[in-house]
1. Name the residue that is modelled with the lowest pLDDT, counting only residues in the stretch A:159-179 that are more than 7 Å from chain B (Cβ to nearest Cβ) and outside any strand (DSSP E or B).
2. Where residues in the stretch A:1-22 are touching a residue at least 12 places away in the same chain (Cβ under 8 Å) and part of a loop (DSSP other than H, G, I, E, B), which of them is surrounded by the fewest Cβ atoms within 10 Å (Cβ to Cβ)?
3. Within the stretch A:144-156, identify whether any single residue is modelled with pLDDT of 95 or more, more than 22 Å from residue B:161 (Cα to Cα), touching a helix residue (DSSP H, G or I) at 6+ places or on another chain (Cβ under 8 Å) and more than 12 Å from every other protein chain (Cβ to nearest Cβ), and answer yes or no.
4. Among the residues of the stretch A:97-121, how many are part of a loop (DSSP other than H, G, I, E, B) and surrounded by 15 or more Cβ atoms within 10 Å (Cβ to Cβ)?
5. Is it true that residue A:78 is in a loop (DSSP other than H, G, I, E, B), closer than 21 Å to residue A:122 by Cβ, modelled with pLDDT under 95 and touching a helix residue (DSSP H, G or I) at 6+ places or on another chain (Cβ under 9 Å)?
6. Give the residue that is surrounded by the fewest Cβ atoms within 10 Å (Cβ to Cβ), with candidates limited to residues of the stretch B:37-52 that are farther than 18 Å from residue B:89 by Cα, at pLDDT 95 or above and touching a strand residue (DSSP E or B) at 6+ places or on another chain (Cβ under 6 Å).
7. Just need a number here: residues in the stretch A:24-36 that are surrounded by fewer than 12 Cβ atoms within 10 Å (Cβ to Cβ) and either without any contact (Cβ under 8 Å) to a residue 24 or more places away in the chain or part of a helix (DSSP H, G or I) (or both).
8. Kindly indicate whether any position in the stretch B:119-132 is within 11 Å of chain A (Cβ to nearest Cβ) and either touching a helix residue (DSSP H, G or I) at 6+ places or on another chain (Cβ under 8 Å) or closer than 24 Å to residue B:20 by Cα (or both).
């Protein structure tokens with residue numbers, strides 16, 4: 001079992017916090033718009049947010065009328081921001097690794113996770129734990145880094161350019177899943193690469209029915225704000241999966 | 001509507017026929033072993049093989065005790081070989097584009113297709129037609145070229161080498177799905193690139209439940225016969241999807 005808590009590293013936290021303040025980052029322009037389109041109605045529902053970070057999504061679920069929102073994160077620094085900026089009477093923040101949800105004594109109608117699951121080394125087990133805390137008819141919606149992006153062992157998957165124009169992407173080790181150590185604000189950030197097949201199979205084998213997969217692309221607005229996002233048509237950065245407990 | 005019938009082109013047919021006679025081709029070493037592991041029991045069942053080609057799989061289903069096997073292919077040349085080499089009292093070969101299965105007046109327990117679906121431009125509609133000819137509890141099992149392999153518009157996705165050692169793969173246009181014209185034995189072979197998301201969504205939206213996805217890798221035996229297959233660990237050649245009608 002591995003606890004990725006680089007988010008409590010001060011240098012990492014400061015870098016990440018600054019990134020999330022920007023208005024033209026990948027979350028704001030690509031991942032969050034795609035996730036928003038897939039969120040089911042949460043009015044009077046119970047929502048679990050795994051790796052809730054600064055709590056922006058928890059607050060959004062509260063504003064959408066959720067009866068109860070539980071946000072789980074391993075980082076105390078992240079949760080302290082969440083409690084300050086995104087507190088709400090229906091939102092409870094829990095300081096824990098999200099792999100511990102089997103200790104929860106309640107069930108949810110939506111289990112949501114934005115860009116956290118590529119940090120866990122227990123994806124198959126996690127899917128089974130998620131299934132166990134879902135009500136009948138509940139939805140699982142998660143995003144993660146795209147398998148083509150996480151594939152290369154040394155983290156050196158890269159776009160190729162003709163002058164300023166991105167023309168292709170080079171990667172390796174796609175079918176060798178496992179730990180990846182990369183540099184992102186700090187050295188030694190650990191992620192786990194899984195193939196498409198492994199992601200989908202873990203969801204299906206837990207008993208969930210995959211209803212939609214999205215590899216999001218930027219819309220016109222996003223491209224006008226950040227033209228370099230046209231790279232996403234060469235190789236997407238994110239993979240989004242929606243599944244239901246039938 | 002586009003009919004890919006390059007298989008009746010004499011030059012193509014001869015090249016393809018010669019390839020399929022070899023014992024170390026990709027079908028024999030990677031795709032067929034992976035498909036075999038996923039085939040459900042077909043004894044006393046009805047099987048539909050879409051793009052059956054030379055009929056090897058139809059004959060196999062017959063030997064496995066299938067009650068009835070219908071093999072459909074658009075190529076008369078392929079079917080003439082099938083009828084000569086793989087005829088069986090329970091196997092019926094039908095000369096038709098497989099997109100016409102909505103004219104069939106029967107249902108099946110297994111719908112099987114090996115490396116044919118990347119030739120159709122009507123994948124979403126095809127999935128709905130397949131759903132309609134499946135009995136309750138029936139299985140769909142198909143393989144196709146891998147989306148990373150079909151992505152690059154000019155067909156120039158390629159491995160990169162350090163001397164003789166394959167080290168990475170370069171591609172483009174992944175998130176721009178559509179027609180791809182490539183050279184394979186002859187010029188102008190048309191295929192259709194779909195993203196992983198588009199493949200899975202078409203299956204799910206037709207009403208089928210995805211139960212397993214495989215991006216096959218060569219086993220030790222295959223690697224000993226054809227060592228260059230280690231490339232499959234960098235970037236797989238095939239995508240296999242299994243789904244059921246619940």
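1. A:164
2. Ranking the qualifying residues of the stretch A:1-22, first place goes to A:1.
3. yes
4. Count: 7.
5. no
6. Of everything passing the filter in the stretch B:37-52, B:38 is surrounded by the fewest Cβ atoms within 10 Å (Cβ to Cβ).
7. So the count comes out to 1.
8. No, the stretch B:119-132 contains no residue that is within 11 Å of chain A (Cβ to nearest Cβ) and either touching a helix residue (DSSP H, G or I) at 6+ places or on another chain (Cβ under 8 Å) or closer than 24 Å to residue B:20 by Cα (or both).
The values are calculated or read from the model by the stated rules, or taken from the named source; none is laboratory data. In this text the structure is predicted, and so the values were computed from the model without any measurement. Cβ sites come from the backbone with ideal geometry, for glycine too, and all protein chains shown count toward neighbours.
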